[in-house]
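Laboratory data are not the source of any read-out in this text; all were calculated from the coordinates shown. Please read all numbers here as calculations on a predicted model, not as lab measurements. Note that we place each Cβ from the backbone using ideal geometry, even for glycine, and neighbour counts take in every protein chain shown.
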Amino acid sequence: MNAWIWAPALLPLGFGLLNAVSWRVPRPASKGRRRISALIPARNEEATLRRCVEALLAEDVDEVIVCDDHSTDGTAQVLEALCADTRVKGIKGRPLPSGWVGKPHACAQLGEAATGDILLFVDADTVLLPGGISRILGGLADADLLSVFPRQQTETLGEKLILPMLHLTYVSWFPLALVRRSRNPKFVAANGQVLAVTRAAYARTGGFFSVVQEVVDDMAMVRHAKTSGEKVDFIDGTEIASCRMYSSGAEAWAGFSKNLFEGIGGSIPLLMAVVAIYLACFVLPWVALAWFPAAGAVGVLANVLLRVLISVKFRQSWTAILLHPVSIALFVGIALNSWRWSSLGQIRWRDRVYVSRAARGPR
């Protein structure tokens, strides 16, 4: 029954179902005598910084250090008020060296200032949920470095169409348990909104100083740690933290364009393969409905079931289910735009310009 139409859609559904039951949510663990440093890079985060810091202070952390990375808004004033709590410390970021990327540079400075046995890097737009620290500690019970995928909050239509593509990408292509169980650095997934690492592992790998030129620093950090022999893990953080990554569809488009091509290593053949796979799995069945209704319906049903699974498990908007082909079209557009940005040799983000992999050449 024209299996070429519906069979590709079954692959991501199969991995999605597998990951739905096997993607680890660690059990809570006690802190013990370990000292926890919560570290926040902040560039123009006056709207979000207070909530982020206050959520951390409500948890069992020993210090919260914020690096003001040359903000031009009211971040410095917000930080000064937060420092009334003796557990909060603000540091002023050093000038960004040529060829370095802002966030890993700020995180590297935070790592230098931290005194904890566990370094917990948290984006300023991310809020830890009650009990989040204990679950992170549970994840570190058998890992040296832990990346957490928080609950993603969306409000505008553009966000609701684009952000769930993160979930679709994470769960659809390989068993996420292999991030922890396999030593192969090809099996890597990461999210830098919440990243925890032991002090010992951070020192052994060089920490963020090892990835200061990487636009997609979270993937680079985890891959480097895994290559160095550290135990890494990537966990479902729906009950650990929440984040509104972007404030509009346009900002989401720009943010994903910054990351996508760089995140797959700047490979044009790989990008074309990714686009072809997404079209075959997630668009072909819908197009085929007009000519092969039975085969198309099977593929469409597989797509819908996967999107329902993502919406329920990760508490995402149902809009992306109803407008699934539009989401995929946006993903393809972002992929091509990401390649365009990289091919120009420069990537612009938050009033800074970074050199792309294409411009840096072979490493």
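Give a quick list of trypsin sites (Lys or Arg not before Pro) in the stretch 163-237 that DSSP marks as loop, anything other than H, G, I, E or B, with at most 13 other Cβ atoms within 10 Å.
Sparse-neighbourhood loop trypsin sites (Lys or Arg not before Pro): Arg183, Lys186.
For the chain, modelled as a Gaussian network with Cα springs under 10 Å, which listed residue fluctuates most, Leu322, Leu145, Leu39?
Largest GNM mean-square fluctuation: Leu322.
With r as the distance between the Cβ atoms of Arg51 and Leu305 and R0 = 41 Å, compute the FRET efficiency 1/(1 + (r/R0)^6) and round to 0.05.
The value I calculate is 0.70.
To the nearest 0.05, what FRET efficiency results for Thr227 and Ala141 with a Förster distance of 30 Å applied to their C-beta separation?
Computed FRET efficiency for Thr227 and Ala141: 0.85.
Length gain on complete extension for the stretch Ala113 to Trp291, per 0.36 nm per residue less the alpha carbon to alpha carbon distance?
57.8 nm
Are there any helices in the chain, counted as whole DSSP H runs, that stretch 24 Å or more along their axis by Cα and score at least 1.0 on average by Kyte-Doolittle, and if so which?
Going by DSSP H runs, the hits are 3-22, 293-313.
Based on the alpha carbon coordinates of the stretch 15-88, what radius of gyration and maximum Cα-Cα distance (Dmax) apply, in Å?
16.5, 48
Highest GNM mean-square fluctuation, the chain, Cα pairs closer than 10 Å: which of Pro325, Pro130, Pro95?
Pro95
Rounded to the nearest 0.05, what FRET efficiency do Asp62 and Leu18 have when you use their Cβ-Cβ distance and R0 = 25 Å?
After rounding to 0.05, the efficiency reads 0.05.
DSSP loop (so not H, G, I, E, B), at most 15 other Cβ within 10 Å: list which trypsin sites (Lys or Arg not before Pro) in the stretch 287-335 pass both filters.
Here the sparse-neighbourhood loop sites are Arg315.
Lysine pairs, Cα distance under 19 Å, 8 or more residues apart or cross-chain: how many in the chain?
Taking the Cα cut-off of 19 Å, the pair count is 7.
Taking the chain as a Gaussian network, Cα atoms linked when under 10 Å apart, which of Val312, Val215, Val101 shows the biggest mean-square fluctuation?
Result: Val312 has the largest fluctuation of those listed.
Pairwise over distinct Cα atoms, reciprocal of the mean inverse distance: report the Kirkwood radius of the stretch 22-246 in Å, one decimal place.
For the stretch 22-246, inverting the mean 1/r across all distinct Cα pairs yields 17.5 Å.
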